[in-house]
Amino acid sequence: MLIKLSLLVVFFAVMVFIGLYCRRHTTDVSGFVLGGRSVGPWLTAFAYGTSYFSAVVFVGYAGQFGWRFGIAATWAGLGNAFLGSLLAWVVLGRRTRIMTQHLDSATMPEFFGRRFDSRRLKLTASVIIFIFLIPYTASLYNGLSRLFAMAFHIDYAVCVVVMAVLTGVYVIAGGYMATAINDFIQGIIMIFGIIAVIAAVLNTQGGFAAAMDGLARVTDPAVSDTPGVFASFFGPDLLSLAGVVVLTSLGTWGLPQMVQKFYAIKSEDAITQGTVISTAFALIVAGGCYFLGGFGRLFSTPEAVAEGGYDSIIPAMLSGLPTILIAVVVILVLSASMSTLSSLVLASSSTLTLDFIKDNLIRDMDEKRQVRWMRALVVVFIAISVVLAIVQYRSNLTFIAQLMGVSWGALAGSFLAPFLYGLYWKRTTKAACVCCFLFSTVVMLANIFVGDYFPAVLQSPINAGAFCMVAGLVIVPVVSLFTPAPDPQRVEQIFSCYRRTVTVAVTDSIGPRNALEKDGKTH
């Protein structure tokens, strides 16, 4: 217990110190929300990765999908690395950074408002973000509480409040820069922690080969009659697994707290480096989490899962580890959860302040007043999510994965296609964005309240969310082609940011001038 508490105290002290140290970066809106758009590749890549993977992934998703798909759940981790990280950075990174600076937008709703010249579109996006980030935040607390209860036997409400208060302190004090630096430290903890935990867990089964052999002997007629299906790399239900890969990988392309990381990176070289770093981070952390979850059936029984839920699987796997490793796991999951929580509260507070309150409820807000409002809303957002988390836990409303599935499905389904087409396609219209917003929010809300009436494959919030994302990629171009085109001059002015005229001074001495002249013509 002394070892565990000592590590926690050191961890919390470092986080708070960094928050206070970064106060000088929070004197204006750009500094508080984007770190002055001068964040390097390592900090940005780790901020992206740690915001991506939280207790929801480590406890909720790894447990649930490892149980359902066995070792095939590793595909979700590979999808997170190559679709959710590598391809996201390649497709979105540079264009997002350039266009958002050109439009002087610090949030995703602000981008929509200026890209499509629509104040209503900006307000609608900000409302969607605020509503659907709350259940996502509540799910972070839930996953963390399972491990704290196992390691410290502390009441769930105490865990939630302590984590929320400490995260709030360093976000309020240091803004985005404090979040990015803390994310870097937390990311290093996550990398070494997941490697150590996988090695220790497999060792309890006699090593990797013995663990795979044991998994091949597991049978569950309720899932599949195929022998060895949980040790197969394709698992018992390939279609549902594909839905998980789409939701958890493609979903990051439309999540405001993820895309906003591209706003803050300082240069194109940093984007290239960040792409490699982010992909490697996701391979280790996401791949490791889902790979570990794939062995869950060696540590739990169907009866135990029926009683404690999928969220009990990973804690059951870890409960027999040595004290020092349990302490490492707690710090690992705490790091993952706090980094994601800080990104969520910063995205939500900045969105409400800049896109909803400023110029709508309060006129003539100067920079200092905007920062004060954002800090106050960090407190409000954390308080709401804490209350929701405690109510959800005590009433046992749903599992972590379902909470996150609803949130991701609504947010990514609403924003992925409009944002992507808005960066690349000049013909994208405001009406197409509105249709995509409405379609995804209606589908995901209906999934919560009347999901039993959906087709069987879409009754899961995860599959419904994946469906919304893919549907949006069709809805936006189709509606755009059947609605009036945007003003050509305005669109050209927006896309001019991708074309720069550069004047280069060249001094020739004696050598040939074929770099400038060829065949008597100047080039």
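The values are calculated or read from the model by the stated rules, or taken from the named source; none is laboratory data. Keep in mind the model is a prediction, meaning the values are calculated, not measured. Backbone-built Cβ (ideal geometry, glycine too); neighbour counts: all protein chains shown.
Would you call Ala178 at pLDDT below 90 and under 15 Å from Met317 (Cα atoms)?
Working: at pLDDT below 90: yes; under 15 Å from Met317 (Cα atoms): no.
No.
Kindly indicate the residue of region 19-56 that is hydroxyl-bearing (Ser, Thr, Tyr) and assigned to a helix (DSSP H, G or I) and also surrounded by the most Cβ atoms within 10 Å (Cβ to Cβ) among those meeting that condition.
If we filter region 19-56 for residues that are hydroxyl-bearing (Ser, Thr, Tyr), which is where we start, we get 21, 26-27, 30, 38, 44, 48, 50-52, 54.
Filter once more, keeping what is assigned to a helix (DSSP H, G or I): 21, 30, 44, 48, 50-52.
Numbers: Tyr21: 15, Ser30: 20, Thr44: 29, Tyr48: 32, Thr50: 30, Ser51: 26, Tyr52: 29.
Residue satisfying both the conditions and the ranking: Tyr48.
Quick check on Val259: is it surrounded by 23 or more Cβ atoms within 10 Å (Cβ to Cβ), touching a helix residue (DSSP H, G or I) at 6+ places or on another chain (Cβ under 7 Å), touching a residue at least 60 places away in the same chain (Cβ under 8 Å) and not charged (D, E, K, R)?
Values: surrounded by 23 or more Cβ atoms within 10 Å (Cβ to Cβ): yes; touching a helix residue (DSSP H, G or I) at 6+ places or on another chain (Cβ under 7 Å): yes; touching a residue at least 60 places away in the same chain (Cβ under 8 Å): yes; not charged (D, E, K, R): yes.
The answer is yes for Val259.
Select, from Arg115, Arg94, Arg146, the only residue that is basic (Lys, Arg), modelled with pLDDT of 90 or more and surrounded by 21 or more Cβ atoms within 10 Å (Cβ to Cβ). Break it down stepwise before answering.
Working: Arg94 fails: surrounded by 21 or more Cβ atoms within 10 Å (Cβ to Cβ); Arg146 fails: modelled with pLDDT of 90 or more.
Only one candidate qualifies: Arg115.
Return yes when Ala45 is within 23 Å of Trp253 (Cβ to Cβ), touching a Phe, Trp or Tyr at 6+ places or on another chain (Cβ under 6 Å) and at pLDDT 85 or above and no when it is not.
no
Per-residue answers, yes or no, for (1) among the polar types (S, T, N, Q); (2) modelled with pLDDT of 90 or more; (3) touching a strand residue (DSSP E or B) at 6+ places or on another chain (Cβ under 8 Å):
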site	(1), (2), (3)
Arg37	no, no, yes
Pro41	no, no, yes
Ser54	yes, no, no
Gly60	no, no, no
Ala76	no, yes, no
Met108	no, yes, no
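Residue check, Val16 against (1) under 26 Å from Ser348 (Cβ atoms); (2) assigned to a helix (DSSP H, G or I); (3) under 21 Å from the mean Cα position of the chain (by Cα); (4) not hydroxyl-bearing (Ser, Thr, Tyr), all met but one. Which one?
So Val16 meets the others, but not (3).
Any chance region 197-215 includes a residue that's part of a helix (DSSP H, G or I), surrounded by 23 or more Cβ atoms within 10 Å (Cβ to Cβ) and among the aliphatic types (A, V, I, L, M)? I'd like the intermediate steps shown before the answer.
Within region 197-215, the first condition is being part of a helix (DSSP H, G or I), and the residues that meet it are 197-203, 208-215.
So of that shortlist, the ones also surrounded by 23 or more Cβ atoms within 10 Å (Cβ to Cβ) come out as 197.
Pick out the ones that are also among the aliphatic types (A, V, I, L, M) and you get 197.
Within region 197-215, one or more residues are part of a helix (DSSP H, G or I), surrounded by 23 or more Cβ atoms within 10 Å (Cβ to Cβ) and among the aliphatic types (A, V, I, L, M).
Among helices (runs of 4 or more DSSP H) lying entirely in region 271-386, which contain 2 or more residues that are within 30 Å of Trp42 (Cα to Cα) and modelled with pLDDT of 80 or more? Spell out how you get there, then give the answer.
Details: elements: 302-308, 313-318, 323-351.
It comes to 323-351.
Pick out the one residue from Phe467, Phe415 that is touching a Phe, Trp or Tyr at 6+ places or on another chain (Cβ under 9 Å), surrounded by 22 or more Cβ atoms within 10 Å (Cβ to Cβ) and among the aromatic types (Phe, Trp, Tyr). Quick ask: steps written out before the conclusion?
On the way: Phe467 fails: touching a Phe, Trp or Tyr at 6+ places or on another chain (Cβ under 9 Å).
Exactly one of Phe467, Phe415 is touching a Phe, Trp or Tyr at 6+ places or on another chain (Cβ under 9 Å), surrounded by 22 or more Cβ atoms within 10 Å (Cβ to Cβ) and among the aromatic types (Phe, Trp, Tyr), namely Phe415.
I'd like to check something: does region 115-130 contain any residue that is more than 23 Å from Val406 (Cα to Cα), part of a helix (DSSP H, G or I) and touching a helix residue (DSSP H, G or I) at 6+ places or on another chain (Cβ under 7 Å)?
If we filter region 115-130 for residues that are more than 23 Å from Val406 (Cα to Cα), which is where we start, we get 115-120.
Now drop any that are not part of a helix (DSSP H, G or I), which leaves 115, 119-120.
Next, from what is left, pick out any that are touching a helix residue (DSSP H, G or I) at 6+ places or on another chain (Cβ under 7 Å): 115, 119.
The answer is yes, given that some residue of region 115-130 is more than 23 Å from Val406 (Cα to Cα), part of a helix (DSSP H, G or I) and touching a helix residue (DSSP H, G or I) at 6+ places or on another chain (Cβ under 7 Å).
Show the residue pairs meeting these rules: Cβ distance below 8 Å; 6+ apart or different chains; first residue within region 27-44 and free of Cβ contacts under 8 Å to residues at least 12 places away in the same chain; second residue surrounded by fewer than 24 Cβ atoms within 10 Å (Cβ to Cβ) and in a loop (DSSP other than H, G, I, E, B).
Sorted first by the residue in region 27-44, then by its partner, the list stays empty.
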